[in-house]
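For reference, the structure discussed in these notes is given below.
The values are calculated or read from the model by the stated rules, or taken from the named source; none is laboratory data. The shown structure was predicted, so the numbers you read here are calculated from the model rather than taken from an experiment. Quick reminder, even Gly has a Cβ in these numbers, built from the backbone with ideal geometry, and neighbours come from all protein chains shown. The protein model used for the area step is the full one, side chains on, heavy atoms only, and it has no ligands, DNA or RNA in it. Shrake-Rupley method; radii C 1.70, N 1.55, O 1.52, S 1.80 Å.
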Amino acid sequence: MLESCYENYPLHKVFLSNLLSISIYIIGAYIISTWGITYTILYLLYCLFLEIRLLKKSCTNCYYYGKVCGFGKGKLSALFFEKGDNAQFSQTHLTWKDLLPDMLVSILPLLAGIISLIYNFSWLTVILIIIILVLSMGGNALVRGHLTCGKCKQRESGCPAEELFNK
């Protein structure tokens, strides 16, 4: 068993880890809003779809189902979906291709922002592009490296994300 793993994560860590995702969604939506409300709504619906997919396909099979994981999604998943099989979680094999839908949450606003800059330069857009890049790369590394994954009990029985990132 990993030393100092959390049975239930402290709420301040859950708050900080979710603050990252929510910040990326909001900044992404703001950047995309320059293209119109329809694109903004589609982007936000896409983010919601990814969250629901995670709750249904991964969280239901995770050790933290019904508990407070580093993202609080174990408790949330238990509210909406039946418990799955923990063995299925650890047997899942992730590739970079599998992560593409999640990476699009940052890539789409970056592309929209760059294209917007070509037609209508704005320092605010430049700053938001830089922020979303920092949050997507450095922020995710910080959250997963220091707030969540390092104290996760699911790693004991296997975590596909850890296997992918620690190759």
How about segment 29-50: which of its residues are over 23 Å from Lys73 (Cβ atoms) and in contact with a Pro (Cβ under 7 Å, 6 or more places away or on another chain)?
Ile31, Ile32
Report those helices (runs of 4 or more DSSP H) wholly inside segment 120-167 carrying at least 1 residues which are free of Cβ contacts under 8 Å to residues at least 60 places away in the same chain and either of a type in the set (Ser, Thr, Tyr) or out of contact with any helix residue (DSSP H, G or I) (no Cβ under 9 Å at 6 or more places or on another chain) (or both).
123-134
Can you tell me which residues in segment 106-124 are within 12 Å of Thr34 (Cα to Cα) and hydroxyl-bearing (Ser, Thr, Tyr)?
Ser116, Tyr119, Ser122
Inspect segment 10-28 for any residue being touching a Pro at 6+ places or on another chain (Cβ under 6 Å), among the β-branched types (Val, Ile, Thr) and surrounded by 14 or more Cβ atoms within 10 Å (Cβ to Cβ) and give the result as yes or no.
no
Give segment 77-96 a look and list any residue that's without any contact (Cβ under 8 Å) to a residue 60 or more places away in the chain and open to solvent by 70 Å² or more (accessible area, probe 1.4 Å), or say none.
Leu79, Phe80, Glu82, Lys83, Asp85, Gln88
Taking the options Leu135, Leu99, Leu111, Leu128, name whichever one is open to solvent by less than 60 Å² (accessible area, probe 1.4 Å) and either farther than 30 Å from Tyr65 by Cβ or small (Gly, Ala, Ser) (or both).
Leu128
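What helices (runs of 4 or more DSSP H) completely inside segment 1-101 contain at least 1 residues that are at pLDDT 95 or above? Steps first, answer last, please.
On the way: elements: 11-32, 37-57, 73-80, 86-91.
Where helices (runs of 4 or more DSSP H) fall fully within segment 1-101 and carry at least 1 residues being at pLDDT 95 or above, they are 11-32, 37-57, 73-80.
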Could you please tell me which pairs satisfy a Cβ distance under 7 Å, a separation of 6+ or placement on different chains, a first residue in segment 42-58 that is under 18 Å from Gln88 (Cβ atoms), and a second residue that is in a helix (DSSP H, G or I)?
Leu54/Lys73; Leu55/Lys73; Leu55/Leu76; Leu55/Ser77; Leu55/Phe80; Ser58/Phe89
